[in-house]
Amino acid sequence: MNRKCDNGNEPQGARLFMALEIPEDVKNVLSDLQMCFSGLKWTAASNMHLTLRFIGMVPQTHLELIQQSLRRVQNDSFRLVIAGLGLFRRRTGGILWAGVNKEPALLKLKRQVDDALRLSAGLSVKEESFSPHLTLSRLKNALSPALKKQVQAKAAEQFGEFAVTGFTLYRSILRPSGAIHEPVERYKLTAQPMHK
């Protein structure tokens with residue numbers, strides 16, 4: 001059963017994205033990593049998630065259609081492993097991330113979410129390469145050799161495994177102190193049958 005989240009008064013528009021929620025124990029392990037990387041501004045544990053699709057600004061009048069479309073997505077639950085660190089290079093700075101294994105079920109769910117948004121909700125959804133990851137830190141300065149060495153040392157380290165039992169439509173609220181992500185609605189996946 002899908003669950004709506006009460007967020008109080010609704011704005012005229014919403015900045016939306018689709019993501020998987022990360023269990024607290026995995027977020028705690030990832031948060032503890034910041035002790036190995038002094039001087040980096042770490043992503044708050046409350047904001048850690050695995051993005052499936054960034055939607056962008058949507059008029060409030062279109063929100064219900066998006067929610068109805070996502071309720072039609074059907075997929076089995078599955079497991080994901082969080083392992084390895086890596087860096088995305090940007091024109092200035094970059095992103096430090098934790099890797100996520102490309103499970104076929106994850107890729108299937110990603111396609112289903114995109115199709116729901118494109119075909120049922122009528123949104124313009126661009127084709128894009130999907131590199132599942134969890135953003136740990138957004139770097140403003142050039143990637144130093146010392147940082148690259150630190151990341152390489154943890155390239156094969158495993159940080160946790162968890163069951164994906166649903167996905168979430170989020171609203172992102174931009175504040176001077178940083179973005180706040182609020183769940184708008186959660187969508188359940190079908191539980192896998194127990195094997196004797």
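Computed from the coordinates by the stated procedures, all read-outs in this text should not be read as laboratory data. This one's a predicted model, so the numbers in the text were calculated from it and none came from an experiment. As a convention, Cβ positions derive from the backbone with ideal geometry for all residues, glycine included, and neighbour counts pool all protein chains shown.
Here are the numbers for this structure:
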{"read-out": "Spin-label model distance (nm) - Asn28 vs Glu161, 7 Å beyond Cα toward Cβ", "value": "2.0"}
{"read-out": "Protection proxy ranking, peptides 72-81, 105-114, average beta carbon neighbours within 10 Å, highest first", "value": "105-114, 72-81"}
{"read-out": "Label-point separation, Leu174 to Thr51 (7 Å along Cα→Cβ), nm", "value": "1.3"}
{"read-out": "Three-way shape call for segment 126-196 based on the alpha-carbon gyration tensor, with the a/c threshold at 1.5", "value": "oblate"}
{"read-out": "At R0 = 45 Å, FRET efficiency that the Cβ-Cβ distance of Gln150 and Leu119 yields, to 0.05", "value": "0.55"}
{"read-out": "5 Å-binned pair-distance histogram of segment 15-188 (Cα, whole percent)", "value": "1, 8, 16, 19, 20, 16, 11, 6, 2, 0"}
{"read-out": "Sparse-neighbour loop sites [trypsin sites (Lys or Arg not before Pro); segment 126-172; at most 11 other C-beta within 10 Å; DSSP]", "value": "Lys126, Lys140"}
